[in-house]
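Student: Sharing a structure below in structure tokens format, with a few things to ask.
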Amino acid sequence: MLTFDNVCFQYDSEDFSIIDHLSFTVKQGEFVSVIGASGCGKSTVFRLVNKLLTPSSGEILVDGKNIQGLKSYCGYMPQHDLLFPWRTVKENVKLPMEIVGGYTRAEMDEKAEHALESVGLKDWGNKAPRELSGGMRQRAAFARTVLTGSDLLLLDEPFSALDYLTRLSMREWLLEQWEREQKTVLFITHDVEEAVFLSSRILVAEESPITYLKSIEVPAGYPRTREELKRPEIVELKEQLIGMLRRKTA
């Protein structure tokens, strides 16, 4: 689904490449998390995938095609929901279809209503974003991301601003959505437990600049519950990941 092939990128303000000859792949239907210390370049990877930044060299491919020749190929959900306060929740969810074009008003309404129902917001479409809780706003933002129609979703710490208990419920909810929608998800988080709970595979940025991402399989299947986190091999994996990140920040 996604391939980085020897990709380099350097910010104008820096004298080194923060992404340096990086290669990795994400397969169709995987849920892959990227973890690493703050400022190591994780979000830069996302900005390269969604073309907010352009590599200085190398190629980024989606379904085997260079993204520079593609228009609509990924959905991006940042840390904050970024719902427009002057639009209703349903109008916010319809935005990707308005941008892409080719839909009638009735088609957009139908798809938006179905998307809101699928994330548990059936009766909230005509509300203003300010009337929703933080978790509800993130669910609306996810519905909007899905309506890009893309099979590849980039989720950049979408739960970081939520309280602990809400984050726990949102993780479980997200896995349900992923299993139903059968999308490919690339997920950035600073939370090791979150990465382990959600992911089929974790990519670890052990150094900055990022020259490679260490790939670690999570030894647990789906559907997944919080009880999985108590298994000895999962506890061992969490400690291994924490140790890798501590070495990076030491």
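Student: Taking the options Glu207, Glu233, name whichever one is surrounded by 14 or more Cβ atoms within 10 Å (Cβ to Cβ) and on the phi < 0 side of the Ramachandran plot.
Tutor: None of the other options fit; the residue is Glu207.
Student: Now, a different point. Those residues that are surrounded by fewer than 18 Cβ atoms within 10 Å (Cβ to Cβ) and either β-branched (Val, Ile, Thr) or within 14 Å of Tyr222 (Cβ to Cβ) (or both), I need them from segment 159-172; list them, please.
Tutor: Thr166, Glu172
Student: Given (1) open to solvent by less than 80 Å² (accessible area, probe 1.4 Å); (2) within 17 Å of Ser38 (Cβ to Cβ), where does Glu228 come up short, assuming only one miss?
Tutor: (2)
Student: Considering only segment 98-110, I want to know if a residue exists there that is more than 17 Å from the chain's Cα centre (by Cα) and under 21 Å from Ser169 (Cβ atoms).
Tutor: No, segment 98-110 contains no residue that is more than 17 Å from the chain's Cα centre (by Cα) and under 21 Å from Ser169 (Cβ atoms).
Student: When you scan segment 228-243, do you find a residue that is in contact with a Ser or Thr (Cβ under 8 Å, 6 or more places away or on another chain), over 25 Å from His21 (Cα atoms) and not in a helix (DSSP H, G or I), even just one?
Tutor: Within segment 228-243 (the criterion being in contact with a Ser or Thr (Cβ under 8 Å, 6 or more places away or on another chain), over 25 Å from His21 (Cα atoms) and not in a helix (DSSP H, G or I)), the answer is no, since none of the residues qualifies.
Student: Also, I was wondering about something else. I'm checking my understanding of the structure. Among residues of segment 1-26 that are surrounded by fewer than 16 Cβ atoms within 10 Å (Cβ to Cβ) and closer than 16 Å to Ser208 by Cβ, which one is nearest to the chain's Cα centre (by Cα)?
Tutor: Only one residue fits best here, namely Tyr11.
Student: From the list Ala115, Ala106, Ala143, Ala128, which one is at pLDDT 95 or above and either over 21 Å from Lys183 (Cα atoms) or small (Gly, Ala, Ser) (or both)?
Tutor: Just one listed residue meets the conditions, Ala128.
Student: Let me ask something else. Among the residues of segment 85-107, count how many are buried (at least 18 other Cβ atoms within 10 Å of the Cβ) and over 13 Å from Ala140 (Cβ atoms).
Tutor: Of the residues in segment 85-107, 1 are buried (at least 18 other Cβ atoms within 10 Å of the Cβ) and over 13 Å from Ala140 (Cβ atoms).
Student: Further question on the same structure: For segment 52-61, check the following and say yes or no: at least one residue is open to solvent by less than 20 Å² (accessible area, probe 1.4 Å) and either aromatic (Phe, Trp, Tyr) or at pLDDT 95 or above (or both).
Tutor: yes
Student: If the requirement is being touching a residue at least 40 places away in the same chain (Cβ under 8 Å), open to solvent by less than 10 Å² (accessible area, probe 1.4 Å) and either within 23 Å of Gly134 (Cβ to Cβ) or not in a strand (DSSP E or B) (or both), which of these qualifies: Gly39, Gly29, Gly75?
Tutor: From the options Gly39, Gly29, Gly75, the qualifying one is Gly75.
Student: A further question follows. Return yes when Pro219 is surrounded by fewer than 17 Cβ atoms within 10 Å (Cβ to Cβ) and either in a helix (DSSP H, G or I) or in contact (Cβ under 8 Å) with a residue 24 or more places away in the chain (or both) and no when it is not.
Tutor: The answer is no for Pro219.
The values are calculated or read from the model by the stated rules, or taken from the named source; none is laboratory data. Since the model is a prediction, treat every value here as computed from it, not as a measurement. Neighbour counts are summed over all protein chains in view; Cβ atoms, including those assigned to glycine, are modelled from backbone coordinates with ideal geometry. Remember, those area values only see protein heavy atoms, side chains included, never the ligands or the DNA or RNA. Shrake-Rupley method; radii C 1.70, N 1.55, O 1.52, S 1.80 Å.
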